[in-house]
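Visitor: Before I ask anything, here is the structure I am working with.
The values are calculated or read from the model by the stated rules, or taken from the named source; none is laboratory data. It should be emphasised that the depicted structure is a prediction, and the values quoted were computed from it without experimental measurement. Cβ placement follows ideal geometry from the backbone for every residue including glycine, while neighbour counts extend to all protein chains displayed. Just the protein is used for accessible areas: all its heavy atoms, side chains included, with ligands, DNA and RNA removed. Shrake-Rupley method; radii C 1.70, N 1.55, O 1.52, S 1.80 Å.
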There are 2 protein chains.
Amino acid sequence: MPQPLHHVVIIGGGFGGLAAARALRDAPIRVTLVDKRNFHLFQPLLYQVATGLLCPSEVTSPLRHVLKNQENATVLLGEATDIDVEEKKVILADGELGYDTLVIAAGMVNHYHGHEEWEQWAPGLKTIEDTGRIRQRIFSAFEIAEREPDPALRREWLTFVVIGSGATGIELSGMIGEIAKNTLRGEFRSIFPEESRVLLVDAAERILPSYPSGLSMLAEKSLTALGVETATSARVVEVNERGVVLEKPEGRSVIRARTVVWASGVAGSPLGGIIAGKTGTVLDRAGRVAVAPDLTIPGHPEIFVIGDLASCPGKDGSPLPGLAPVATQQGRFAAKSIRSRLEGRPAPSRFHYFDKGTMAVIGRGAAVADIGRWHFGGRFAWFLWLFIHLLLLIQFQNRLIVLIRWAFQYFSYNRGARNLMLRGTLKLPITRPGENARDGQ
Amino acid sequence: MPQPLHHVVIIGGGFGGLAAARALRDAPIRVTLVDKRNFHLFQPLLYQVATGLLCPSEVTSPLRHVLKNQENATVLLGEATDIDVEEKKVILADGELGYDTLVIAAGMVNHYHGHEEWEQWAPGLKTIEDTGRIRQRIFSAFEIAEREPDPALRREWLTFVVIGSGATGIELSGMIGEIAKNTLRGEFRSIFPEESRVLLVDAAERILPSYPSGLSMLAEKSLTALGVETATSARVVEVNERGVVLEKPEGRSVIRARTVVWASGVAGSPLGGIIAGKTGTVLDRAGRVAVAPDLTIPGHPEIFVIGDLASCPGKDGSPLPGLAPVATQQGRFAAKSIRSRLEGRPAPSRFHYFDKGTMAVIGRGAAVADIGRWHFGGRFAWFLWLFIHLLLLIQFQNRLIVLIRWAFQYFSYNRGARNLMLRGTLKLPITRPGENARDGQ
């Protein structure tokens, strides 16, 4: 039978898209959520998967399961490659899909500022596959160092560089510091993991540039305690197999490191560029779509862009940051607008972000929080972070399991999810086991 | 300084190798455990990873962590490719390693009885990578069916064949039955997962051929309850992209199925063949090394072969089955022999397996147990299975998490570890979403 119902197509099952879909529950419409993944990803904990604390399924929830009982919602596993704004159709890699209202929540992808060739040496952290790559590199590095007889090369394998000191960057470097200092201590016979060097690099003058400067100092102190060095005002001009080249005010310096992680930049999904081209909308430097105050595309009230992909000015006029709460609130806002229109009521004309604050965790008992007037760090901030993130985890099952993993890691320093895959990525140097750094001790 | 200590090299960190290493703790010797993986794998639960109930890190424990506090043990991540029995050296892919005593516990690999080309269509279940492949196929099949407009093809995608009805086979088919019947029920909009066909195939006259026939009947009943069909006295003569061809007494039959899993055969690791060639020892049909009653290789008291790779006659004369308890007891036996020799005491001359019984789990509240005189099934057997396997799980952390996952799955039917990777394995058919089986209902 023909479908008389208003059809809302949502591209992307992240925080924004999922919030929109759920907020349309019970509305007299048809909702189709399109995602190329079959799961919602809890991105704020991605760095814990990349560092072997959690396993992928603990930060993912099957989209079909989340929307199972929402009668009016269909989950479609597919990749949106183009949008026909005239015909109101989403073009999929393997089909097409007509819409009455379109909500684009496609998020961001890793971005290397024109140095895409760096990705092979410095993987970014946006997807579950990324976590596998990064985890493989971090833990393999120690294995290779254990087998490496040449002290200079061993040093390279025991040097870790994290590029970019936003929340992800400090969280990653802090975790790597903990792995070297605590998790692996005593597990090797030739190397001392705690002698590893972990370097956090940023072009800005201070780490956590988007946070109040007081918190940058707090974060720096906590990182130092974990043995993480920070290099600020340091621009990365080269990344290769052997390490990175930094440009600092005092000149260039070469850091020999076999493990480099990219936490320095993301750009809007290609869909942003596509829709901008089709509608003549502006893209900002990060490839985000400049939306109207009501999150629609100027001249296209039937197309919403929400979440990280939307460039939407906040109170102070600067675009809102790419955070889960922003995306979630925008998703609910878009759903509210759609409902209002269908009911013939005036749709809200302007999205207002209610800022509950931002936090970043650094390591054991150390985090920084920027909540309204309050800027604080230390153990309390850390517990607050734990508590909030547990509550936010989508599946109740995951909450419990993650809590247990955190508790175990806190008390035992161990990390359960360290299993290396045989992907040929682990090339051990030719050595005669037995000849090693600590022999004769 | 030169190492005056007796050097025991153990190849393989499975149940046998790890038991041997641990039983040598505090002995005045040097132990090197060589494994190409950095983790011990709890194989008995592998099928639960393959079916999305557990995630890989929950059935693995980092070898370095397990042996962290055993001063005399070194874990060496490397692959043994050859053995020089004259020079007493293990040749690694990337070095070599001298030994005084060698314990080979290299286990088994998937075996296709001369039809290795079947592996691409019917992956086996021996490694963590295997679980990824199988999980990907099972859950992708439902996604593809959801998008497939052709009813015949949809049927193929919703047909699952498990080849081999040993413990692994019935456990896998039971799990797939549960996924179709319970886990995914209500999560799709075009297909009814509960209408899937799950077929368990075996050339023997009854499933679980190695168990008492009473238990085969019990198992069959439980499987039927889960909607799993069984085809016995059915020999697989062909496996390809579209399915399998069975040869039965009444003739050939073609089963169109897009997901086929191989649980029908394993063979000794290539190292078995190598050591047999070097020492003139006999290999049995399954490629296992025929060892002396004391688990050494005839003429080579310094070389032990233990675990699945050893063909060691049991009480009834037939070789002991490839089970974790056999491997564990053999590992301890080998360690005891090595200690006795070093202390100048006579080494035990004959390994005796203490059979605590065997169990196989079929599904929710259904398992079969063959314990000495007692053969029983049902809920009690299932609880017993749960309890025993929880106790056996190596890391305490994993025990708790696995218990939680089991509890959640039991009450919610959900499976947390379903996230599909973007490995290109998921090729969706070209369709116009919207045209689908249940439209118009």
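Visitor: From A:30, A:22, grab the single residue that is assigned to a helix (DSSP H, G or I), more than 9 Å from chain B (Cβ to nearest Cβ) and of a type in the set (D, E, K, R).
Guide: A:22
Visitor: In addition: So, in segment A:85-108, exactly how many residues are within 13 Å of another protein chain (Cβ to nearest Cβ) and β-branched (Val, Ile, Thr)?
Guide: Of the residues in segment A:85-108, 2 are within 13 Å of another protein chain (Cβ to nearest Cβ) and β-branched (Val, Ile, Thr).
Visitor: Then there is this: Can you go through A:228, A:260, A:245, A:201 and tell me which one is closer than 25 Å to residue A:50 by Cα and touching a Lys or Arg at 6+ places or on another chain (Cβ under 7 Å)?
Guide: A:245
Visitor: Also: Any residue that is among the β-branched types (Val, Ile, Thr), in contact with a strand residue (DSSP E or B) (Cβ under 9 Å, 6 or more places away or on another chain) and open to solvent by 20 Å² or more (accessible area, probe 1.4 Å) - is there at least one of those in segment B:359-369?
Guide: no
Visitor: Being in contact with a helix residue (DSSP H, G or I) (Cβ under 8 Å, 6 or more places away or on another chain) and either open to solvent by less than 10 Å² (accessible area, probe 1.4 Å) or not charged (D, E, K, R) (or both) is the filter here; which residues of segment A:302-322 pass it?
Guide: A:303, A:304, A:305, A:306, A:307, A:309, A:310, A:312, A:320, A:322
Visitor: Shifting gears a bit: Can you tell which of A:33, A:46 is under 18 Å from residue A:102 (Cβ atoms) and within 23 Å of the chain's Cα centre (by Cα)?
Guide: A:33
Visitor: Just checking, does segment B:305-315 include any residue being over 30 Å from residue B:232 (Cα atoms) and more than 18 Å from the chain's Cα centre (by Cα)?
Guide: yes
Visitor: Then there is this: I need the full set of residues from segment A:40-84 which are open to solvent by 10 Å² or more (accessible area, probe 1.4 Å), aliphatic (A, V, I, L, M), assigned to a strand (DSSP E or B) and facing chain B (nearest Cβ under 10 Å), in order please.
Guide: A:41, A:75, A:76
Visitor: OK, next. Given the condition outside the structural domain of residue A:28 (by TED's automatic domain parsing), of a type in the set (Gly, Ala, Ser) and modelled with pLDDT of 75 or more, answer yes or no: does some residue in segment A:418-440 qualify?
Guide: Scanning segment A:418-440 turns up no residue that is outside the structural domain of residue A:28 (by TED's automatic domain parsing), of a type in the set (Gly, Ala, Ser) and modelled with pLDDT of 75 or more.
Visitor: Select, from B:207, B:170, B:128, B:179, the only residue that is open to solvent by less than 10 Å² (accessible area, probe 1.4 Å) and either under 27 Å from residue A:79 (Cα atoms) or in the same structural domain as residue B:320 (by TED's automatic domain parsing) (or both).
Guide: Among B:207, B:170, B:128, B:179, only B:179 is open to solvent by less than 10 Å² (accessible area, probe 1.4 Å) and either under 27 Å from residue A:79 (Cα atoms) or in the same structural domain as residue B:320 (by TED's automatic domain parsing) (or both).
Visitor: Please name all residue pairs, on different chains or six or more residues apart, with Cβ atoms under 7 Å, provided the first residue is in segment A:175-194 and is within 11 Å of chain B (Cβ to nearest Cβ) and within 20 Å of residue A:50 (Cα to Cα) and the second residue is aromatic (Phe, Trp, Tyr) and in a loop (DSSP other than H, G, I, E, B).
Guide: A:183/A:413
Visitor: With the requirement that a residue be in contact with an Asp or Glu (Cβ under 6 Å, 6 or more places away or on another chain) and surrounded by fewer than 21 Cβ atoms within 10 Å (Cβ to Cβ), what does segment B:11-39 give you?
Guide: Within segment B:11-39, B:36 is the sole residue that qualifies.
Visitor: Quick check on segment B:354-369. Is at least one of its residues free of Cβ contacts under 8 Å to residues at least 12 places away in the same chain and in a loop (DSSP other than H, G, I, E, B)?
Guide: So far as segment B:354-369 goes, no, none of its residues is free of Cβ contacts under 8 Å to residues at least 12 places away in the same chain and in a loop (DSSP other than H, G, I, E, B).
Visitor: Of the conditions (1) outside any helix (DSSP H, G or I); (2) crowded, with 24+ Cβ neighbours inside 10 Å; (3) within 12 Å of chain B (Cβ to nearest Cβ), residue A:8 fails just one. Which one is it?
Guide: Failed condition: (3).
Visitor: Among the residues of segment B:93-116, write down those that are assigned to a strand (DSSP E or B) and open to solvent by less than 10 Å² (accessible area, probe 1.4 Å).
Guide: B:97, B:101, B:102, B:103, B:104, listed by residue number.
Visitor: Moving on. For segment A:107-164, give me each residue that is closer than 22 Å to residue A:420 by Cβ and among the hydroxyl-bearing types (Ser, Thr, Tyr).
Guide: Selection gives A:127, A:131, A:140, A:159.
Visitor: As an exercise: evaluate residue A:159 against (1) buried (at least 23 other Cβ atoms within 10 Å of the Cβ); (2) out of contact with any Pro (no Cβ under 6 Å at 6 or more places or on another chain) and give the number of the one condition it does not meet.
Guide: That leaves (1) as the condition not met.
Visitor: Right, here's the next one. Where the second residue is assigned to a helix (DSSP H, G or I) and not hydrophobic (A, V, I, L, M, F, W, C) and the first is within 14 Å of chain B (Cβ to nearest Cβ) and lies in segment A:114-139, which pairs have Cβ atoms under 6 Å and are six or more apart or on separate chains?
Guide: A:128/A:56
Visitor: Another question about this same structure. For residue B:217, which of the numbered conditions (1) touching a residue at least 40 places away in the same chain (Cβ under 8 Å); (2) more than 19 Å from the chain's Cα centre (by Cα); (3) surrounded by fewer than 22 Cβ atoms within 10 Å (Cβ to Cβ) fails to hold?
Guide: (1)
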